Structure formats: structure tokens, C-alpha cells
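Worksheet for the structure shown next.
The values are calculated or read from the model by the stated rules, or taken from the named source; none is laboratory data. Given the structure is predicted, the values throughout are model-derived calculations rather than measurements. In this analysis, Cβ positions are derived from the backbone assuming ideal geometry, glycine residues included, and neighbour counts consider all displayed protein chains.
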């Protein structure tokens, strides 16, 4: 078996510091997450449904926009490329990103387009944790037009001298196309690292350097169940990495942690923190944002996976779509030695 030197806590902490100011290009489906909260009032006489007394409403970056927000929260410099509508949700999303110090030069505003929005309605006692009751999605897919493609190409050319890592965050709304992968690589250079997260068609993004599917997505791509079987997991990780022609593959496994696959060697990371989570909304965006930013800061894939694992453990303890700060990430690294001590190796 290939010898792998395990990173130290000090090395991971230095990498967190090195994230500051590192540019990461994000070609992303930008989504608005809206949370409406209320206090239970009574059961309606019109239908057997709960009536809530409206309490609050907030919008946060979701989908690929959440990956952008996480890179910014960790001190990186996200360079997003995407499309929003000229509707209120699109306008609010742009203001939120600008408020986080994100440049929105690469975000096109398309007239008449409805920004993809996930609206979650939550209820609970006035001073208690709110529980999600129902969610509805406002969804509209698009095909990039010539003006939007030209804008993306111009900005990629401008960023070529500085950015060496890119995320493709594909939620199926049309702003991220597999055919754009060669264009991104050509613009950023052959030494660039391209990482993708695709909800429905990761298998079409051939030639990536890395990908971060969850276990369910990996099973769907291979048409094979893993069922928490270590041997099946090893075989699935090896097959999927080879199928994608990727240098590394990070499969997220919820409460069972993460598994990193590279040629000849795999590493299985236990979950960071506790498996008694508060909310998993957007955790995958935190993972790919942290993973890519760590690579931009000089981490190797294992170090990046460890930091992404720690960041994921931080955000699932927060309600709603959340981000992780450098201080929170450092505290997690310092306080939880399990991902380093209990990491298991395997032959990939």
C-alpha cells in the first residue's frame, strides 16, 4: 500500500489561515433560500391544517450561491458566474452576496426569469426551535444565451492569471453545462483544479479533477447500492472515480462521514462533531466550498477533505442554510481529534 503521511492539527490550522484572499471561480446555479417562520395558532376550520401566526421571513444564498457564501465566509475570494432573474428574490440574493463582500460582476440578470427559490415554512413555539412544516420550490430552467456566454468567457479570461481552482455547482437549472468544462480549463490553464457537484448529471462532466457527490448520488450514477458495506463502498468509489476520469473523488455519507478515493488509495473519515444534527440544509455546498478553497490554499486532497469534514460538522449544528467562519473551523479542528485519529485507509 502507498504510504500516506497523515496531516497534523497544526498543518490544518495553517491551511485555514492560508485560505484568506484565495480566489475560487464558481460556475453555479444560483438559488435563493427563503425561510418563513410562524407560531402555531390553531387548527383551521376550513381544512385540517395548522394555522401559523407569521413571525419572520429571511432570504439566504442557496444552491450554488451557498457555495459562494461559504467561500466568502471562510475568507476566500469567490468569483461567481451565474444567472438570476430581475424578480425580488434575484435582487435580494444579489444584495446579500454583495453584503458578504462578493463581487457580482459575473452574475447576469435576465429580465423575466424567475430566480430558483426554495421556500421553507417553519413553525414552533415563540422561543423554541422551529420545525420545517412544508417546502415549495419556484423553479425555472434556462439555456444560456450568447450574451451570457460571452460575459462568462470574458471574465474567465480576466481571472486566468489569478484563479487556479474552480467549482461547477450544477443544480439542474441551466447555468452550468458539462460542455463548458473544457472552456473553464482552457481559460484557467491546464494546471487548474476543477471540482464539480452535480445533482442529476455528474456522469456528463468528464475530465474533472474531482467531484463531491453524496452517497445516494454515487449509487444512482453506478446503479448499485452501497448499503453501508465497506467492500461495496471501496468498489463504488473506485469505479466512479474511473468513470469520471477524475484524480480524486470525495463521497459524503452524512452521519457516517466522508470517503476520499484516489488512485491506489482511499481514506475514510468519521463524521466531525456529533451525529445529532440540527439541520443538514446546504451542508453539501459547505463541503465543496471548503474543499475547493483548501485546495486553492495549497492543501492536498486529503487535507482538503479533512477541512471540509470539519466545516460540514459546524454548519449542520446551525438552523437553515449556514456558513462556517475561519474561527469556527479552527475551533472544530482543535477540539475534535477523531477525524485524524480514527481515519481508516483502504486500497482504492
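Screening residue 204 on (1) surrounded by fewer than 17 Cβ atoms within 10 Å (Cβ to Cβ); (2) over 30 Å from residue 161 (Cβ atoms); (3) over 16 Å from the mean Cα position of the chain (by Cα) shows it passes everything except condition (2). Inside the stretch 51-64, can you point out the residues that are in contact (Cβ under 8 Å) with a residue 12 or more places away in the chain and part of a strand (DSSP E or B)? The answer is 52, 53, 54, 55, 56, 57, 58, 59, 60, 61, 62, 63. The residues in the stretch 200-223 that are in contact with a strand residue (DSSP E or B) (Cβ under 7 Å, 6 or more places away or on another chain) and not in a loop (DSSP other than H, G, I, E, B) can be counted, and the count is 6.
If you go through the stretch 1-22 one residue at a time, do you hit one that is without any contact (Cβ under 8 Å) to a residue 12 or more places away in the chain and either part of a helix (DSSP H, G or I) or buried (at least 23 other Cβ atoms within 10 Å of the Cβ) (or both)? Yes, the stretch 1-22 contains a residue that is without any contact (Cβ under 8 Å) to a residue 12 or more places away in the chain and either part of a helix (DSSP H, G or I) or buried (at least 23 other Cβ atoms within 10 Å of the Cβ) (or both).
Take the conditions (1) buried (at least 18 other Cβ atoms within 10 Å of the Cβ); (2) touching a helix residue (DSSP H, G or I) at 6+ places or on another chain (Cβ under 9 Å); (3) modelled with pLDDT under 95; (4) outside any loop (DSSP other than H, G, I, E, B); residue 195 misses just one of them, which is (3).
For residue 229, the criteria (1) touching a strand residue (DSSP E or B) at 6+ places or on another chain (Cβ under 7 Å); (2) farther than 29 Å from residue 160 by Cβ; (3) surrounded by fewer than 19 Cβ atoms within 10 Å (Cβ to Cβ) hold in every case but one, which is (1). Inclusion of residue 210 among residues that are at pLDDT 95 or above and closer than 26 Å to residue 269 by Cα is warranted. Counting only helices (runs of 4 or more DSSP H) that sit completely within the stretch 237-348, those holding 3 or more residues that are surrounded by fewer than 23 Cβ atoms within 10 Å (Cβ to Cβ) and touching a residue at least 12 places away in the same chain (Cβ under 8 Å) correspond to 301-315, 326-335. Taking the criterion of being at pLDDT 95 or above, under 36 Å from the mean Cα position of the chain (by Cα) and either more than 14 Å from residue 132 (Cα to Cα) or in a loop (DSSP other than H, G, I, E, B) (or both), no residue of the stretch 38-50 qualifies. Pairs are defined by a Cβ separation below 9 Å, a sequence spacing of at least 6 or placement on different chains, a first member in the stretch 203-220 that is on the phi > 0 side of the Ramachandran plot, and a second member that is surrounded by 19 or more Cβ atoms within 10 Å (Cβ to Cβ) and in a loop (DSSP other than H, G, I, E, B); the pairs so defined are 207/246.
Residues that are touching a helix residue (DSSP H, G or I) at 6+ places or on another chain (Cβ under 7 Å), closer than 25 Å to residue 39 by Cβ and either surrounded by 14 or more Cβ atoms within 10 Å (Cβ to Cβ) or at pLDDT 95 or above (or both) are absent from the stretch 131-144 altogether. For residue 281, the conditions (1) at pLDDT 95 or above; (2) under 27 Å from residue 129 (Cα atoms) are fulfilled apart from (1). On the stretch given as the stretch 31-57, residues that are surrounded by 11 or more Cβ atoms within 10 Å (Cβ to Cβ) and more than 30 Å from residue 95 (Cβ to Cβ) total 5. Restricting attention to the stretch 156-167 and to residues that are in contact (Cβ under 8 Å) with a residue 40 or more places away in the chain and out of contact with any helix residue (DSSP H, G or I) (no Cβ under 7 Å at 6 or more places or on another chain), the residue that is farthest from residue 203 (Cα to Cα) turns out to be 162.
Before we move on, is residue 89 part of a helix (DSSP H, G or I) and more than 18 Å from residue 27 (Cα to Cα)? So residue 89 passes the test.
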